[in-house]
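J.: First, the structure itself, so that you have it in front of you.
The values are calculated or read from the model by the stated rules, or taken from the named source; none is laboratory data. For clarity, every value in this text was computed on a predicted model and none was experimentally measured. For neighbour counting, all protein chains shown are included, and Cβ atoms are generated from backbone atoms with ideal geometry for every residue, glycine included. For the accessible areas, the whole protein counts, side chains as well, though only heavy atoms, and no ligand, DNA or RNA atoms are used. Shrake-Rupley method; radii C 1.70, N 1.55, O 1.52, S 1.80 Å.
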Amino acid sequence: MNAMKALKLEFYKARRKRYWLIAAAISAVQALWLIWGLRNMDASQLAQGYLHSLYQFAVLNSIVLPVMTGVLVSRMCDIEHKGSALRTLFTMQPSGSLFDAKFFCAGIHLAAVVGFQIATILMVGQIKGFSTPKPAGALVWYFGSQLLCSLFLALFLQILALRHINQFIPLSAGLITGFLGLMAMFFPEGVMRLVPSAYYGLLSPVHMDWNRAARTVSYYQVPFPIMDCMLLTAALVILYWFGRKQFMKREV
Amino acid sequence: MDYCITTENLTKRYGQEIPVNHIHLAVPAGAVYGFLGPNGAGKTTTMKMLLGLVHPTEGSISVLGQNVNEKNRLSILRKVGSLIESPSYYGHLTARENLEIVRSLRNLPKGEIDEALDAVRLTGTGNKQAAKFSLGMKQRLGIAAALMGRPKLMILDEPTNGLDPAGIQEMRKLIKSLPAQYGITVMVSSHLLSEIDQIADYVGIIRKGELVFQDTLAALHAKSNCRLALRTSNNEGAAALLPKAKHAEGWLILPQLTDEKAAAASLLLAQKGIGIVRMEVREKSLEDIFLEMTGTEAAL
Ligand SMILES: Nc1ncnc2c1ncn2[C@@H]1O[C@H](COP(=O)(O)OP(=O)(O)O)[C@@H](O)[C@H]1O
Ligand SMILES: [Mg+2]
């Protein structure tokens with residue numbers, strides 16, 4: 001089936017469900033958090049404004065986006081369970097097409113959230129007067145990396161949400177992943193790479209240095225973490241292939 | 001004869017359980033085929049396999065003259081409407097929006113939605129959210145969705161389940177009218193013998209996954225053959241003369257006889273001086289036949 005048509009249909013089915021409201025609420029809270037964090041910074045700190053913002057958002061994302069994605073995806077999948085809609089739908093639409101359309105639809109919402117974060121950073125930078133030029137490369141990299149992590153989580157949670165009628169399962173999986181995202185920085189490097197939400201930080205273009213003696217924070221750009229990026233991409237591809245195949249075998 | 005559905009050795013296994021066991025269905029075109037069986041007999045599983053919602057373990061299916069496989073399944077199903085078990089709908093969407101999804105997926109003209117709503121008398125409630133519908137209305141919405149695109153075949157699984165008596169009568173009337181009014185062949189399942197008796201032209205009876213009867217409704221009725229039951233002045237003597245007769249509580253039950261044979265039997269008894277004291281006609285009811293075939297009391 002035509003992928004564009006399937007995607008349109010997904011948005012049609014989203015009527016009255018207000019998925020964007022969750023995304024908008026989370027984005028607004030994140031924007032306020034950023035503005036709050038910048039409230040009494042001096043000129044030298046503001047010089048690091050862009051890097052500070054990118055770093056802060058990536059950390060925040062690792063905690064908040066898994067939860068938000070869980071809510072979003074489970075709401076999107078629950079409409080198929082309530083009223084046993086799949087029994088009729090699958091006589092008209094291939095199951096793989098539905099799987100893809102749902103994933104795309106979630107992806108578009110997540111891209112909007114990350115895009116809104118970048119817009120927020122640029123806007124706050126303008127208002128607060130971040131003195132360095134806009135780090136275009138880091139911004140693009142940030143967008144790509146944060147979206148990649150979110151897509152992986154969305155896919156993982158979508159597989160759970162479609163498989164189980166009880167939406168408590170994907171919702172709590174989202175919560176747990178968010179919690180692990182919070183804890184990830186305390187894990188050893190190897191273990192950290194097994195936590196999907198840790199990749200928000202691992203793939204972020206900006207890292208932080210905490211100087212204990214001087215009690216100062218400095219941010220710096222890191223080289224592109226090509227191995228981590230490939231690892232997550234490979235995991236995404238495998239999960240997609242496996243999850244889609246399982247879903248297509250499903251009897252309704 | 002022209003068949004809308006045929007299956008060969010259609011089988012579904014779940015571990016040890018075989019809910020559908022080597023079934024050869026033959027659903028003739030242009031009529032109502034009643035698929036009758038007690039709860040758990042395998043009706044739903046069979047119908048889901050016809051629609052590709054459940055994957056057969058074994059066997060083949062042909063629908064509307066084409067062998068169904070994973071590639072051509074959806075294109076064949078464009079001409080098949082279905083309603084399986086409980087209603088299937090998006091609760092947060094209105095009836096009209098639910099049908100719009102069907103319309104869009106099947107590339108149908110806009111007008112089909114109103115026609116379908118009209119056919120099930122939901123025109124006035126088209127803009128109400130389906131979750132707020134009564135069960136009967138949801139079921140009618142399901143029928144409307146199944147009618148979209150003027151299917152050649154409708155597969156309806158216990159469509160009267162859970163409806164109130166008025167709803168049941170209305171649904172039965174609608175189903176009965178489909179072949180004549182829209183040229184639709186209907187395969188409808190039920191665990192109610194009386195329901196199938198009312199609406200079907202052909203009957204398939206399934207018992208524990210096996211098809212135990214498949215023919216016209218008239219042929220099923222013909223099984224309720226008339227037999228003569230006699231009480232005579234000397235039952236022992238009469239039984240010796242009529243070796244095929246069976247004893248039952250002081251009665252002799254004769255097998256089904258032609259008029260000539262019945263006459264010959266009575267003359268024979270008279271010649272041997274055995275008088276007929278009582279005589280009655282015993283007819284097996286459809287319920288008895290159903291009971292014999294399915295091992296279950298017929299639900300009425
Ligand atoms: N997914 C499944 N897994 C295991 N057993 C099943 C499954 N679906 C149906 N069955 C079994 O198959 C049998 C037939 O069920 P069903 O087709 O629903 O019967 P009916 O519709 O005639 O009442 C039942 O015993 C049921 O337990
Ligand atoms: Mg059933």
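J.: How much accessible area per residue does the protein assembly as shown have, in Å², with a 1.4 Å probe?
T.: The answer is 47 Å² per residue.
J.: Right, another one. Viscosity 0.692 mPa s, temperature 37 °C: what is the translational diffusion coefficient of the stretch A:147-210 from Stokes-Einstein with a Kirkwood Rh over Cα pairs, rounded to a whole number of µm²/s?
T.: The Stokes-Einstein estimate is 259 µm²/s.
J.: Starting from one equal scatterer on each C-alpha and no solvent at all, send me the Debye-based log10 I(q)/I(0) for the stretch A:137-243 at q = 0.12, 0.20, 0.21, 0.22 Å⁻¹, two decimals.
T.: -0.48, -1.11, -1.19, -1.26
J.: Let me ask something else about it. Run down the lysines and flag those whose C-alpha is under 25 Å from the C-alpha of B:LYS208, throwing out any fewer than 8 positions away in its chain.
T.: Cross-link targets: B:LYS12, B:LYS43, B:LYS48, B:LYS223, B:LYS284.
J.: Name the aspartates and glutamates eligible as straight-distance cross-link partners of A:LYS245: C-alpha to C-alpha under 12 Å, and not fewer than 8 places from it in the same chain.
T.: Answer for A:LYS245, where 12 Å is the Cα cut-off: A:ASP100, listed by chain and number.
J.: Between the stretch B:83-118 and the stretch B:24-79, how far is it from one alpha carbon centroid to the other, in angstrom?
T.: 22
J.: Under 10 Å, Cα contacts only: if you run a Gaussian network model on chain B, which one of B:ILE18, B:ILE253, B:ILE184 comes out with the highest mean-square fluctuation?
T.: Residue with maximal mean-square fluctuation among B:ILE18, B:ILE253, B:ILE184: B:ILE253.
J.: Same structure again: Considering the alpha-carbon set of the stretch A:70-200 alone, what are its Rg and its Dmax in angstrom?
T.: Expressed in Å, the Cα Rg and Dmax of the stretch A:70-200 come to 17.9, 59.
J.: Taking Cα pairs under 8 Å and at least six residues apart, what relative contact order does the stretch A:3-246 come out at, in percent?
T.: 29
J.: Let me ask another. Give me the tail of P(r) for chain A as a percent: Cα-Cα pairs with distance above 23 Å.
T.: Of all Cα-Cα pairs in chain A, 52 percent lie more than 23 Å apart.
J.: Another question, then. Please state the charge dipole magnitude for chain B, taken about the Cα centre, from unit charges on C-beta atoms (+1 on K and R, -1 on D and E), reported in debye and rounded to the nearest 20.
T.: In total the dipole reaches around 420 debye.
J.: Given the -39500 (n - 2.57) contribution per DSSP H run of 4+ residues, what per-residue ellipticity at 222 nm results for the protein assembly as shown, rounded to the nearest 500 deg cm²/dmol?
T.: -16500 deg cm²/dmol
J.: Taking the stretch B:226-283 as the region of interest, what is the percent of Cα-Cα pairs per 5 angstrom bin, listed from the shortest bin to the one with the maximum distance?
T.: Going from the shortest bin to the longest, the percentages are 4, 20, 37, 29, 9, 1.
J.: In terms of modelled amide H atoms, which long-range or inter-chain residues lie less than 5 Å from the amide H of A:ALA47?
T.: Amide H neighbours of A:ALA47, under 5 Å, 5+ apart: A:SER131.
J.: Once you list every other residue whose beta carbon is under 11 Å from the beta carbon of B:THR94, what net charge do they have if Lys and Arg are +1 and Asp and Glu are -1?
T.: +3
J.: Along Cα→Cβ, 7 Å out, is where each label goes; now give me the distance between the ones at B:LYS272 and B:ALA166 in nm to one decimal.
T.: 6.3
J.: Also, quick follow-up: Binning at 20 angstrom from zero up to the longest distance, how are the C-alpha pair distances of chain B distributed in percent?
T.: The distribution over chain B is 30, 44, 19, 6, 0, given as percents.
J.: Provide the per-residue ³J(HN,Hα) series for the stretch B:31-37, in order, calculated from phi with Karplus coefficients 6.51, -1.76, 1.60 and θ = phi - 60°, each as a whole number of Hz, with x at glycine and proline positions.
T.: 9, 9, 9, x, 10, 10, x
J.: Charges at C-beta only: +1 for Lys and Arg, -1 for Asp and Glu. How large is the resulting dipole of the protein assembly as shown about its Cα centre, in Debye rounded to 20?
T.: For the protein assembly as shown, the charge dipole is close to 1180 debye.
J.: A 31 angstrom limit on the alpha carbon distance is what I want to check against. Which of A:LYS5/B:LYS71; A:LYS82/B:LYS152; A:LYS102/A:LYS128 exceed it?
T.: A:LYS102/A:LYS128
J.: So how many Å³ per residue does the convex hull of the Cα atoms of the stretch A:1-116 work out to?
T.: Considering the Cα atoms of the stretch A:1-116, their hull volume per residue is 103 Å³.
J.: In nm, to one decimal, how far is the modelled label at B:GLU283 from the one at B:SER177, with both set 7 Å along Cα→Cβ?
T.: Each label point is offset 7 Å from its Cα along the Cβ direction, giving 3.1 nm.
J.: Additional query: Could you give the radius of gyration (one decimal) and Dmax (whole number) of the Cα atoms in the stretch B:195-300, in Å?
T.: So, for the stretch B:195-300, Rg and Dmax equal 17.5, 53 Å respectively.
J.: Okay, moving on. When the Kirkwood hydrodynamic radius is evaluated over all pairs of different C-alpha atoms of the stretch A:3-47, what value in angstrom, to one decimal, is obtained?
T.: 13.6
J.: Also, I was wondering about something else. Stick to the Cα atoms of the protein assembly as shown, pair each with every other, and give me the Kirkwood hydrodynamic radius in Å at one decimal.
T.: Evaluated on the protein assembly as shown, it is 28.2 Å.
J.: If you don't mind, another one. Considering the dipole of the protein assembly as shown built from charges on the beta carbon (Lys and Arg +1, Asp and Glu -1) around the Cα centre, which of B:GLN169, B:LEU193, A:SER218 is farthest to its positive end?
T.: Farthest along the dipole direction, towards plus: A:SER218.
J.: Suppose each label sits 7 Å from its Cα in the direction of the beta carbon; what would the A:TYR220-A:LYS17 distance come out to in nanometres?
T.: Once both label points are built, they end up 4.6 nm from each other.
J.: What does the buried accessible surface come to for B and A, summed over both chains, with the probe at 1.4 Å? Round to 100 Å².
T.: Using a 1.4 Å probe, the pair buries roughly 2500 Å².
J.: Moving to a separate point now. Taking the stretch B:204-300, which GluC sites (Glu not before Pro) meet the DSSP loop condition and have no more than 11 other C-beta atoms within 10 Å?
T.: Of the GluC sites (Glu not before Pro), the ones in loops of the stretch B:204-300 whose Cβ has at most 11 other Cβ atoms within 10 Å are B:GLU249, B:GLU297.
J.: Okay, moving on. Give the residue list of GluC sites (Glu not before Pro) in the stretch B:17-84 that are DSSP loop and have at most 12 other beta-carbon atoms within 10 angstrom.
T.: B:GLU70
J.: Enumerate the calculated ³J(HN,Hα) couplings along the stretch B:227-233 in order (Karplus 6.51 cos²θ - 1.76 cosθ + 1.60, θ = phi - 60°), each rounded to whole Hz, writing x wherever the residue is Gly or Pro.
T.: With the stated coefficients, the stretch B:227-233 comes to 10, 8, 10, 10, 10, 10, 5 Hz.
J.: While we're on this one: Residue by residue, what Karplus-based ³J(HN,Hα) values in Hz, rounded to whole numbers, does the stretch B:128-137 have, using 6.51, -1.76 and 1.60 with θ = phi - 60° and x for Gly and Pro?
T.: So the J values, rounded to whole Hz, are 9, 5, 5, 4, 8, 6, 6, 4, x, 5.
J.: Round to a whole angstrom and tell me the spacing of the C-alpha centers of the stretch B:183-217 and the stretch A:147-166.
T.: Centre-to-centre distance over Cα atoms comes out at 43 Å.
J.: Give the relative contact order (percent, whole number) for chain B; include only Cα pairs under 8 Å separated by 6+ residues.
T.: Taking the mean separation of contacting Cα pairs over the length of chain B, I get 21 percent.
J.: I've got another one for you. For a quick check, take a GNM of chain A with Cα springs below 10 Å and name the residue from A:GLN146, A:GLN126, A:GLN30 with the largest mean-square fluctuation.
T.: Between A:GLN146, A:GLN126, A:GLN30, it is A:GLN126 that shows the largest mean-square fluctuation.
J.: Follow-up. Using Cα pairs closer than 8 Å and at least 6 residues apart in sequence, work out the relative contact order for the stretch A:129-247, in percent.
T.: Worked out over the stretch A:129-247, it gives 28 percent.
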